[in-house]
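First comes the structure, then the notes that go with it.
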Amino acid sequence: MTAAQRKKEVERQLAIMREGAVDFYGEDELAERLDRRLAEGRPLRVKLGMDPSSADLHLGHSVVLMKLRRFQELGHTPIFLVGDFTARIGDPSGRNKTRPALDADQVQENAKTYVEQVARILDVDQVEVRFNGEWMDSMAPSDFVRLCSQTTVARMLERDDFSKRFKGEIPIFIHEFLYPFVQGYDSVALEADVELGGTDQTFNLLMGREIQRTYGQEPQAVITHPLLIGLDGHEKMSKSLGNSVGITDPAAEMYGKVMSIPDDAMQEWCRVLSFGDWDDLAGQFEDLAKGVGDPMGVKHSLARRIVARIRGDAAADAAADEFRRVVQRKEAPSEIPSVDLSLSGRASVKLFEMLVEAGLAPSKSEARRLVQQGAVSLEGERQSDPTRSFEVSESTVQVGKRRFARVRIRR
């Protein structure tokens, strides 16, 4: 490849790297490095870390996973880092209080399915999967002291979330200061050329640049991306807030959740998730802004594309058909799961207990609330009494618009 060809290729790749990004720190440095790597025939090493603080990834995580896929498509080396060590500290990013630290057993349990979930977006056979416990668990105390001597407390308190907590007299524990150091050192251990993350991770990502310089490495470029708002249209997507679409959700559930977002959130979702794949929707959003067009049709198109990206075209088409049948035409689903419940010595089971035991409600209090709000039907008849008792019976139970089960109660 000639110098002129390399220059053109560098420009092409940088344009793809900028796609959907909020900030691109070290872009000029990366342009020079990329030119050298193209001349040498060596790929960039691109790092994306995620802590297994819960067992499930959601659609918000797919934003940076898609960018990592773009790097993979450009021929670079994607590194998916599972933060088994950092999860035991607890990331303070965006937190107004201390995040509970997890023990090693919880972390390992949560991490079990991470690679399988990531495989829905990345070709994991071509991904370097690492765990930061590899180097942090064996780091000598003297080395850890050296690592933590790279910045001051004043610098740490410049961080927005720490600053707000300090001014608000909300406790900041010493171990929380360690998190950015460890994340930064991960970039040293992996010799990262680029690190990806959400805008809430900016401080940690830039710390990696500083620490790499200290350890004699060229500083990584940092590319940040917007946080996806949740199903409520206000807060960032989070499983703990109950406003998320899980990567492991069944296709029909995923489709239904996307269809539930407020209309005014659709364009933001498309902007954050598109990565140049859905530019044809731009004209449709322009029409909606002018008061013309079909909001429901656009939302169906967005939902289908999101499900197809994670689950494939066939699953997306089936989910769309199911949504139209069950939600729009008020028909029963094509398949209703069967659930067998045992009275286990009881004379009867109350409705709110049935919902929890059948997996249709997460708790008895939530089950009561759903019944009282008129969200529960048996054989098409809306229920109002959560304490209604059932003996041996069989009935089709519907909760909300999309959850169904054929519940059989046996002795």
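Values as computed for the structure displayed
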{"read-out": "Odd one out for Lys67 among (1) in a loop (DSSP other than H, G, I, E, B); (2) under 30 Å from Phe85 (Cα atoms)", "value": "(1)"}
{"read-out": "Hey, Ser187 crowded, with 18+ Cβ neighbours inside 10 Å, of a type in the set (Gly, Ala, Ser) and not in a strand (DSSP E or B) or not", "value": "yes"}
{"read-out": "Residue match in the stretch 94-106 (condition: at pLDDT 80 or above and either in a loop (DSSP other than H, G, I, E, B) or of a type outside the set (Phe, Trp, Tyr) (or both))", "value": "no"}
{"read-out": "Leading residue by the ranking (surrounded by the most Cβ atoms within 10 Å (Cβ to Cβ)) among those in the stretch 261-296 that are outside any helix (DSSP H, G or I) and touching a residue at least 60 places away in the same chain (Cβ under 8 Å)", "value": "Phe275"}
{"read-out": "Tally of residues being at negative phi, surrounded by fewer than 23 Cβ atoms within 10 Å (Cβ to Cβ), more than 14 Å from the chain's Cα centre (by Cα) and not aliphatic (A, V, I, L, M) across the stretch 54-79", "value": "6"}
{"read-out": "Those residues of the stretch 210-237 which are farther than 18 Å from Met259 by Cβ, without any contact (Cβ under 8 Å) to a residue 60 or more places away in the chain and not in a loop (DSSP other than H, G, I, E, B), in sequence order", "value": "Gln212, Arg213"}
{"read-out": "Whichever residue in the stretch 201-215 is touching a strand residue (DSSP E or B) at 6+ places or on another chain (Cβ under 7 Å) and among the aliphatic types (A, V, I, L, M) and, among such residues, is farthest from Gly60 (Cα to Cα)", "value": "Leu206"}
{"read-out": "In the stretch 109-165, the residues that are in a loop (DSSP other than H, G, I, E, B) and in contact with a Ser or Thr (Cβ under 7 Å, 6 or more places away or on another chain)", "value": "Ile121, Asn132, Gln150, Leu157"}
{"read-out": "From the options Arg324, Arg346, Arg408, residue that is touching an Asp or Glu at 6+ places or on another chain (Cβ under 6 Å) and surrounded by fewer than 16 Cβ atoms within 10 Å (Cβ to Cβ)", "value": "Arg408"}
{"read-out": "Wholly within the stretch 297-411, helices (runs of 4 or more DSSP H) carrying at least 3 residues that are closer than 26 Å to Met259 by Cα", "value": "313-323, 364-372"}
{"read-out": "Selection status of Arg120, within 18 Å of the chain's Cα centre (by Cα) and in the same structural domain as Arg209 (by TED's automatic domain parsing)", "value": "yes"}
{"read-out": "Residues satisfying the stated conditions in the stretch 190-200, i.e. in contact with a strand residue (DSSP E or B) (Cβ under 7 Å, 6 or more places away or on another chain), closer than 16 Å to Asp23 by Cα and assigned to a helix (DSSP H, G or I)", "value": "Thr199"}
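The values are calculated or read from the model by the stated rules, or taken from the named source; none is laboratory data. Remember, predicted model here, so these are calculated numbers, not experimental data. Virtual Cβ from ideal backbone geometry, glycine too; neighbours counted across all protein chains shown.
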